[in-house]
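Structure, as structure tokens:
The values are calculated or read from the model by the stated rules, or taken from the named source; none is laboratory data. Source: prediction; values computed, not measured. Methodologically, a virtual Cβ is constructed for each residue, glycine included, from the backbone with ideal geometry; neighbour enumeration extends over all protein chains shown. In case anyone asks, the SASA skips ligands and DNA or RNA and just uses the protein heavy atoms, side chains included. Shrake-Rupley method; radii C 1.70, N 1.55, O 1.52, S 1.80 Å.
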Amino acid sequence: MFNKSNLIKIEDFLWEIPKNFRNDMRVPARIYTHDEMLDSIAVDKSLEQLVNVATLPGIKGYALAMPDIHEGYGFPVGGVAAFDSEEGIISPGGIGYDINCGVRLLRSEKTFSEVKPHLHNLGRTIYHEVPSGVGVGGRLDLKGREFDMVLEKGAERMLELGYGEVQDLEHIESGGVLHTAAPELVSVHAKSRGRDQLGTMGAGNHFVEVDIVEVIFDNGEAEKLNIFKDQVTVLIHTGSRGLGHQIATDYIRIMMKVMPNYGIVLPDRELACAPFKSREGQEYFKAMSAGANFAWANRQLITWEVRKAWKDVLGKEGGKLSMVYDVAHNIAKIEEYTLDGKKYNLVIHRKGATRSFPGQPVLIPGSMGTNSYILVGQEKAMISSFGSSCHGAGRRMSRTRARKEVSVEELRQRLESMGIVVNAGSSKGLTEESPEAYKDVNEVVGVIHEAGIAKKVARLKPIAVIKG
Amino acid sequence: MTYKILEHTADVRMIVQADSLEKLFSEAVYGMMKIIEPKVDNKKEVIERKISLEAVDTTALLIDFLNEVLLATYIHKEVYNEVIFKSLSERSLEAKLSGFIAKSLGEDIKAVTYHEADVKNKKDGTWETMLIFDI
């Protein structure tokens, strides 16, 4: 178990576990947090897991944790790790089972007062248009080459099929497609598991949420994004569904078998990895890219479904729902960074972390019923955090405990008294995601802002929650 | 001898104990089905699936087996209430699953992870492992 004496404060909001903490560490581990939050982070196994990441071959700089860090399996959730593309590894566990789980924000032309009379109907209609829940299929059932084209082209393929607008692609990380994707490296099993899941939300912490812009922190940046006070927005949080889960499962199994051939010894099997340049490393990277493309296609089709619901309820007067941005928070990307004066191509693993390039919108969803944030990436992220920021509030309570803490009736009443319309398929799922199960998103985002890796632009407040 | 769900911040941690390796594997399947919370309407039509596997060791064999069962559950929307092993050794197995078509599934398990999993034959002859399910 960790305590504060194991950590050294190296600047405001940044702490370090030195390399000599454990003799298998290749680099130090760093955590963005503040003093009080550090106590709660040290409670579970997340820091031990971060130290394990610091032992992996080819890791550069430091293993990094964001203030929303919590215990995962292998890698902690809320972590960033950079590996040398020549000498380092790639690890499916460092990206997670939900490849390219991410967040997309749409902005309307309407204010809260204009939408309020239609809110119940809007929540209900979105719930009907966006399939949710476990094992619930979507409106498309693509097979063979048609399905592979989604894996190859991501959000762009959805536009070709008529589910979106050209401008949408300009506001997606990587334009909504990784060109490294190779559908032939995705197993038949993975394709079967995801085949009918395009345009579906799934269950767990995934949601569609209607919000209003409650506070603007930076008028200039808000204007650039066409964000204004009292504006109604829609936030979509989901990923690559069963397809991504199975890609990760398949390749962790493959890597487990081949690791001895590369002389890799690990403190935790879930860190299973292969050299990035190896056949297995390259094949996983290409399959993961296909999974990421599926996730962008999924959020694109959900966008179409939300736009349909919006139009059905508000008619022509409702105006357009336009893209603000779409970010991935479980992904690996090749990015260039300068370390000790030398340029490196690094395989950046983000597991529960958001890209935060200078000028790029950074979207941080809160837990159900709490605030979400729009930030903008800062130059300091390129120097200090491998161009990354946090991804959400971060869990602090188990699902079982969350279910014991609050009843579904109590939670519904509380959300409704806050003016939030709730449409949820599962009562159990609703209580598991109750706000008290998560850290305070305001504090988490506060650390990111104060540390200077992303700057607060606006705060959103939920008015309708739609869940599986 | 059975399975028990324990605390985990974000996912599901389960301890499985049994007096034989076969029972450890089958209890783990029943524990996973409990998490998935399927609803079944029709118990007249019995479904059967066969799984054959090889792995680097017994722990990996269990995790890979559970992931195969998970895959069958979600692809075919089925629930399994009986596991019979034609063979089960340290590194390979042949199993037959029996069960029913599920009307609905209550929980989406993304995967069964290798994290904390360690199949042990204890001094008293019983078998035990921890399992972490990514939810």
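Which pairs, out of A:LYS286/A:LYS380; A:LYS428/B:LYS43; A:LYS110/A:LYS286; A:LYS286/A:LYS342; A:LYS45/B:LYS77; B:LYS44/B:LYS86, put more than 32 Å between their alpha-carbon atoms?
Exceeds cut-off: A:LYS110/A:LYS286; A:LYS45/B:LYS77.
Across peptide A:269-275, what mean number of C-beta atoms from other chains lies inside 10 Å of a residue's C-beta?
Mean partner shielding for this stretch: 3.
For the protein assembly as shown, report the accessible area per residue in Å² (1.4 Å probe, heavy atoms, rounded to an integer).
Accessible area per residue: 37 Å².
Can you give the FRET efficiency to the nearest 0.05 for A:GLU214 and A:SER322, using r as the Cβ-Cβ distance and R₀ = 22 Å?
0.65
Extent of chain A along each principal axis, from alpha carbon coordinates, in Å, largest to smallest?
If we take the Cα atoms of chain A, the spans are 62, 52, 44 Å.
As a check on your grasp of the helix formula, calculate [θ] at 222 nm for chain A: sum -39500 (n - 2.57) over DSSP H runs of n ≥ 4, divide by the residue count, round to the nearest 500.
After summing the helix terms and dividing by the residues of chain A, the value is -10000 deg cm²/dmol.
I'd like the antiparallel share, as a percent to the nearest 5, of DSSP beta bridges with both residues in the stretch A:4-467.
Within the stretch A:4-467, antiparallel bridges account for around 90 percent of the total.
As a check on your grasp of the helix formula, calculate [θ] at 222 nm for chain B: sum -39500 (n - 2.57) over DSSP H runs of n ≥ 4, divide by the residue count, round to the nearest 500.
Roughly -8500 deg cm²/dmol at 222 nm, from the helical runs in chain B.
If you line up the long axis of helix B:21-36 against the longest principal axis of chain B, both from Cα atoms, how many degrees apart are they, to the nearest 10?
40
Could you give the length gained on full extension between A:HIS120 and A:LYS308, defined as 0.36 nm per residue of separation minus the Cα-Cα distance, in nm?
Taking A:HIS120 through A:LYS308 to full extension adds about 66.1 nm, to one decimal.
Can you grab the distance from the C-alpha centre of the stretch B:70-127 to the C-alpha centre of the stretch A:49-98, Å, no decimals?
Computed from Cα coordinates, the inter-centre distance equals 29 Å.
Would you please give the FRET efficiency between B:LYS96 and A:GLU86, computed as 1/(1 + (r/R0)^6) with r the Cβ-Cβ distance and R0 = 41 Å, to the nearest 0.05?
Using R0 = 41 Å, I get an efficiency of 0.30.
With a point put 7 Å past each Cα toward its Cβ, work out how far A:VAL188 is from A:ILE334 in nm, to one decimal.
It is 3.1 nm.
Which of the residue pairs A:LYS308/A:LYS404; A:LYS116/A:LYS191; A:LYS404/A:LYS461 have a Cα-Cα distance greater than 30 Å in the structure shown?
Correct reply: A:LYS308/A:LYS404; A:LYS116/A:LYS191.
Debye sum, Cα scatterers, the stretch A:214-275, no solvent: what log₁₀ I/I(0) at q = 0.22, 0.27 1/Å?
Debye intensities relative to I(0), on a log10 scale: -0.92, -1.10.
Could you calculate the contour length gain from A:GLU450 to A:VAL43, that is, 0.36 nm times the residue separation minus the distance between their Cα atoms, to one decimal place in nm?
Working it through step by step, the gained length comes to 144.1 nm.
If the only charges are +1 at each Lys and Arg Cβ and -1 at each Asp and Glu Cβ, what is the size of the charge dipole of the protein assembly as shown around the Cα centre, to the nearest 20 debye?
It works out to roughly 640 debye.
Can you compute the modelled spin-label distance between A:ILE8 and B:ASP19, with each label point 7 Å from Cα toward Cβ, in nm?
A separation of 5.6 nm, rounded to one decimal place.
Taking every pair of distinct Cα atoms and averaging 1/r, then inverting, what Kirkwood hydrodynamic radius in Å comes out for the stretch A:316-430?
By the Kirkwood definition, the hydrodynamic radius is 17.3 Å.
Over what distance in Å are the Cα centres of the stretch B:1-66 and the stretch A:278-327 separated?
Here the two parts' Cα centres lie 34 Å apart.
Using only protein heavy atoms and a 1.4 Å probe, how much accessible area in total is buried between B and A, to the nearest 100 Å²?
The B and A chains share an interface burying roughly 3200 Å².
Where does helix A:119-129 land angle-wise versus the long Cα axis of chain A, in degrees 0 to 90, nearest 10?
Helix A:119-129 and the main axis of chain A meet at about 60 degrees.
When the Cα centres of the stretch A:375-416 and the stretch A:124-185 are compared, how far apart do they sit, in Å?
Distance between centres, Cα-based: 26 Å.
Rule-of-thumb check for the stretch B:53-108: C-alpha Rg over 2.2 N^0.38 Å?
1.21
Report the residues of the stretch A:74-113 in range of a label on A:PHE228: point 7 Å along Cα→C-beta, backbone N strictly under 12 Å from it.
A:108-112
For a label point 7 Å from the Cα of A:GLU146 along Cα→C-beta, name the residues of the stretch A:286-303 whose backbone N is under 18 Å from it.
Backbone N within reach: A:294, A:297-298, A:301-302.
Computing the accessible area with a 1.4 Å probe over protein heavy atoms, can you report the carbon and sulfur percentage for the stretch A:164-310?
In the stretch A:164-310, the share of accessible area belonging to carbon and sulfur is 52 percent.
In whole percent, how big is the carbon plus sulfur part of the accessible area of the stretch B:3-134, probe 1.4 Å, protein atoms only?
45
R0 = 35 Å: FRET efficiency of B:ASP41 with B:LYS86, Cβ-based, nearest 0.05?
Computed FRET efficiency for B:ASP41 and B:LYS86 comes out at 0.70.
Modelling each spin label as a point 7 Å along the Cα-to-Cβ direction, I'd like the A:THR111/A:SER417 distance in nm, to one decimal.
2.9
Given N residues in chain B, what is Rg(Cα) / (2.2 N^0.38 Å)?
Ratio of Cα Rg to 2.2 N^0.38 Å: 1.00.
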